[in-house]
Every structure is written in C-alpha cells, then in structure tokens.
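Reviewing the structure listed below.
We did not get these values from a lab; they are worked out from the coordinates using the rules stated. Because the structure is predicted, anything quoted here is derived from the model rather than measured. Backbone-built Cβ (ideal geometry, glycine too); neighbour counts: all protein chains shown.
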Amino acid sequence: MPELTVLIVVLACVAADAVGRARHVDRVPVAARRTASTVCFYVGFLAVLVALEGPLDRAADTSEAWHMAQHVVLLMVAAPLLVLGAPMSRLAWAVPPAWERRVRRSGAARSVLRATPALAVVAVALQSAALAVWHLPGPYQAAVRNPALHACEHAVFLGTGVFLWWLLVHTSRARLGAGVLALFVAALPATALGVLMTFAHTSWYPVYGTGAVALGDQQLAGVVMWSVGNTVSVIAAVALFAVWLASLERGTPARPAVPARS
C-alpha cells in the first residue's frame, strides 16, 4: 500500500504538470519552460521512484547500507532536484482558475514561501531532528518492521529535505553566504552519524542481526551516509558560494576613471 501511494503521488504530480501546460500553453512561467528546470523536475520524481520502489526498496528491508542509500537519495538527490524543477510554478497552473486567482490576489503563496533566516534555522533544525530521531534504535527498527511507519519516515526525510533546499535555492542573493553556512551546519548531523556508524564496534540495529556481517553492513552504511551526502553538500555549497561571489561583483560599483596627470 505505501508503494502504491508513492506511485500515485508521483503520477499525480507529473499529470498536474501536463495539465497545467495544456491549459496555459502560452502563459507557462519561464522557470517551467527552461530545459534544465524540466529535466530537474522529472529526474527528481524519478529519484523518488528509484529510492522507494523496486530493487533498492527491497534491498533496504534486509541491508542497512541500502537503507542508508535510500535516505541519501531522498535528502540529497531527490529533494534538491524537485526544488530546482520549479514545482510551485508548474503545479499551481493545474489548480482550478478560481483557486488560482484567489491565491494570487491574497499573496499567500509569496508570504508562505519567502525565504528568511528564521525559516532557514527552522529547516536545519527540523532536518537534524528528523535524522536524529529516525536513526535511534527504537524508531529505526520499528520503521523497518512496519511498512506504513517506513513510508512515514521517508515522507519526513523528503519533506524536510525539500523545505531546506527550497530556502537555500530561493533565498535572496544577498543571503547566499548565509545559505552556504546553513548547508554546512545541516550536513554536520549526517556526517557525525555516519562517522559513528562507521567506527562502531557493535551493531546498533539487531533487526539486521548482531554478528560480523551485520556490523560490516552498518559500517558500510555509515560510509554511504557521510561520503555520498557530504559530496553533494560540497558541490551545492560551492555552487551557492560561486553565485554569491558573482552577485557581489555585480553589486560593486565601478570605480571612476582617474584622469592621467600631465
């Protein structure tokens, strides 16, 4: 049932994008017409399907390393791609015209989605709390045993990831430097968790077993968490930093030419 729900949600979002394009073929926002944005939109949903359907999901039931791979894909691959795919610009065009006009007149969407430093702190705290709570032995093993709880865990990871990446991507250029800092801070809990798992001497989750094989699987899971996750964070931080520097250069007034002395 959770797998069917994921498939229905993904297909509904893709269908909504198609409906919006058909209804407003001449008025689709520029952000939704860009090829890169379109690729990100669909590859983001493909990443969700890869993480939650098929071989990866089945392997995650018996392997901690593959389970960590699911989490990394949701937090560090699917979430930023979905945000870069301009989902609000796309999906808003699929709602009934009366709702669309009402939302645009009220300005509610702009006020809710406006990135602020306070929201960035909240997003980092939520993602960190989600990682900490769901990787405690009790909640983690309960999610492995209960498909509905497992789906809830993944929804929390994807939701907090999208929230954080939305704020990072849609912040003002003047605050991109703070965005780099927020990304660094957000990566710390996953890094610490991955390192602890890698160098642990006992298995944390008996649901996978308690012998040497289970311990090796846990150590591999830790490597997946801190190496792959940090790689994505570093790439994103470098990109944000480059955009921030470019904006600073554009905002620096040109120095007036000094006349040469005769």
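Let's test the formula: R0 of 25 Å, r as the Cβ-Cβ distance of residue 62 and residue 234. What FRET efficiency results, to the nearest 0.05?
Values: r = 31 Å, r/R0 = 1.24.
Plugging the Cβ-Cβ distance into 1/(1 + (r/R0)^6) gives 0.20.
Please order 39, 144 by the number of other Cβ within 10 Å, starting at the fewest. Provide the component values of the computation, followed by the final result.
On the way: 39 13, 144 19.
Fewest-to-most Cβ neighbours within 10 Å comes out as 39, 144.
Around residue 205, with a cut-off of 15 angstrom between Cβ atoms, what is the net charge of the other residues, counting Lys and Arg +1 and Asp and Glu -1? Don't skip to the end; give the middle numbers.
Numbers: positive: 145; negative: 61, 64, 153, 217.
Residues near residue 205 contribute -3 overall.
Which value in nm describes the separation of the simple spin-label points at residue 210 and residue 125, placed 7 Å from the Cα toward the beta carbon?
Modelled inter-label distance: 3.9 nm.
Report the FRET efficiency, 1/(1 + (r/R0)^6), for residue 19 and residue 227, where r is their Cβ-Cβ distance and R0 is 41 Å, rounded to 0.05.
On the way: r = 40 Å, r/R0 = 0.99.
So the FRET efficiency works out to roughly 0.50.
So between residue 42 and residue 184, what do we pick up on full extension, going 0.36 nm a residue minus the alpha carbon distance? Provide the component values of the computation, followed by the final result.
Details: separation 142, 0.36 × 142 = 51.12 nm, distance 2.71 nm.
Result for the pair: 48.4 nm of gain on full extension.
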